1. With charges set only on the Cβ (+1 for Lys and Arg, -1 for Asp and Glu), what does the dipole of region 14-158 come to about its Cα centre, in debye to the nearest 20?
2. Just how large is the dipole of region 258-445 about the Cα centre, in debye to the nearest 20, putting +1 at every Lys and Arg Cβ and -1 at every Asp and Glu Cβ?
3. What's log10 of I(q)/I(0) for the chain at q = 0.09 Å⁻¹, Debye sum over Cα points only, no solvent?
4. Can you list the residues of region 244-284 with backbone N under 20 Å from a point 7 Å past the Cα of Y475, pointing along Cα to Cβ?
5. Is the shape of region 110-175 best called rounded, prolate or oblate, per the rule: a/c under 1.5 gives rounded, else a/b larger than b/c gives prolate, else oblate, with a ≥ b ≥ c the square roots of the Cα gyration tensor eigenvalues?
6. Just to confirm the number: angle between the C-alpha axis of helix 183-196 and the first principal axis of the chain, 0 to 90 degrees, nearest 10?
7. So what is log10(I(q)/I(0)) for region 258-445 at q = 0.11, 0.15, 0.19 1/Å, when the Debye sum runs over its Cα atoms only?
8. Between helix 268-280 and the chain, what is the angle of the helix's C-alpha long axis to the longest principal axis, kept within 0 to 90° and rounded to the nearest 10?
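Values in this text are rule-based calculations from the coordinates and carry no lab data. Computed from a predicted model, the values in this text were never measured in an experiment. So basically every Cβ, Gly included, is an ideal-geometry build from the backbone, and we count neighbours across all protein chains shown.
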Amino acid sequence: MNMIAKKFPTAAFIDGQWVTSAKTFAVTDPATCAEVATVPDLGGEDAGRAIDAASRALPAWSAKTAKERAAIMKRWFDLITAESESLAQLMTTEQGKPLVEARAEVAYGASFIEWFAEEGKRAYGRIIPTNVASKRYLTIKQPIGVVAAIAPWNFPIAMITRKVAPALASGCTIVVKPAAETPLCALALAKLALDAGVPPGVLNIVTTSDAAAVGKVLCDDGRVRKLSFTGSAAVGKILYRQCADTVKKLTLELGGNAPFLVFDDANLDLAVAGAMASKYRNAGQTCVCANRILVQSGIYDRFAASLVEAVNKLAVGPGLEAGNTIGPLITKEAIERVETLVAEAVKNGAKVLTGGAVDPAGPLFFRPSVIGGVTPDMSIVREEIFGPVAALVRFDTEAEAIEIANDTPFGLAAYLFSRDLSRAWRVAEKLDAGMVGVNEGIFSNEVVPFGGVKESGLGREGGAEGLEEYLEVKYICLGAIDE
Ligand code: SIN
């Protein structure tokens, strides 16, 4: 087993116990394609046992005060912070992102725990002014119950804590299915939660290579009152349908196709820095990565030249090696997909300005690329690239840019760069997106609501809105109040 993986558990975690299984699956390092560890390949029955445990743990956990829950969560935050360097190395080993980004993600992931521990104390209800003299009205907020979370591989810690932290803070218990590519970070989080005093059954981690079987149990079981999923739109739609019979509350963070608008009046350096941050973070494997870079004609050539210059400075290679800024893609299928999108664009008239091929660093490394002369009909801008490839589309007018930007079923993130404040307001309001970065390429953090519109999903994670997703409103009417 890999050295860093040895430090953390490789068994699943149900009801406060480490669970092994005769059937296992391998976790590999995408930089070397070498096996890192094996973890239990659990099935639907195990998911059912995890739900049993979460149901048993619910009454006592929800009966604690928010302050008591916060004290445990803060210990968890402290333990994660103390282990941040080894967690970052573990993350780079199983996910591939450069160590500097993994360190940032550990801090980002931990921030949700710290922040929601406090926010849980502010789950206020309301007193509603009466309209009948003998009655009084109020609302209280209560935990929704047992929650299921299905997490992606691109942020193996932050996408779990963004779900688990508000769930625990509000008094819910949770069953997490981490991605098959990155279960080790989830198990490491569980170990630290156990050390922090999170009671048995409050947090359960079901590792599996059979996402469909486990997902089905999580959706079908009526005791699970909420499902939070981050992943592809195709899978999100299946889960949405599967949750209909038990009428679960859903948070869905699905795909994006983020437009990145650069107007003639933009600060060029700022726009290039924003594009670099948004496009090449995690080798282009985030849901909020700029997917279509729309550049106004007057600045197009200068922007393209500056972007190519910046991209050529990126260092491709294993994330554990100091100085590397672009790690591998997650799988062979991911590489093939990016290759196909680039080849189709070139066949249809686009031009590779830099990159455009697999990198000699290894079979899963794709060279950071810029493709010019892309048109809105090409699949490279109609589909989510999920790789380090910037596709540049030229436009002339503001109205045209908005039309192209909104011409997609998705609406997660959007970006715009302009020095004109009126334009910034106007365009930000018109973009179909749940989040808009104005002269800013990175905007996610624990205090703000992350989420999309249209087929990008339902609900919000993070911020005050993120807590509401785990709470039910109960209205109480006091009758027979004497005058
Ligand atoms: C994602 O890719 O889904 C998450 C990105 C972020 O939190 O910034």
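1. Computed charge dipole of region 14-158: roughly 1280 debye.
2. Values: 16 positive and 23 negative charges, 68 e Å.
Rounded to the nearest 20 debye, it is 320 debye.
3. Log10 I(q)/I(0), no solvent term: -0.62.
4. 249
5. Prolate.
6. 40 degrees
7. Debye curve over Cα of region 258-445, log10 I(q)/I(0) at q = 0.11, 0.15, 0.19 Å⁻¹: -0.42, -0.80, -1.30.
8. Long axis of 268-280 versus the principal axis of the chain: about 60 degrees.
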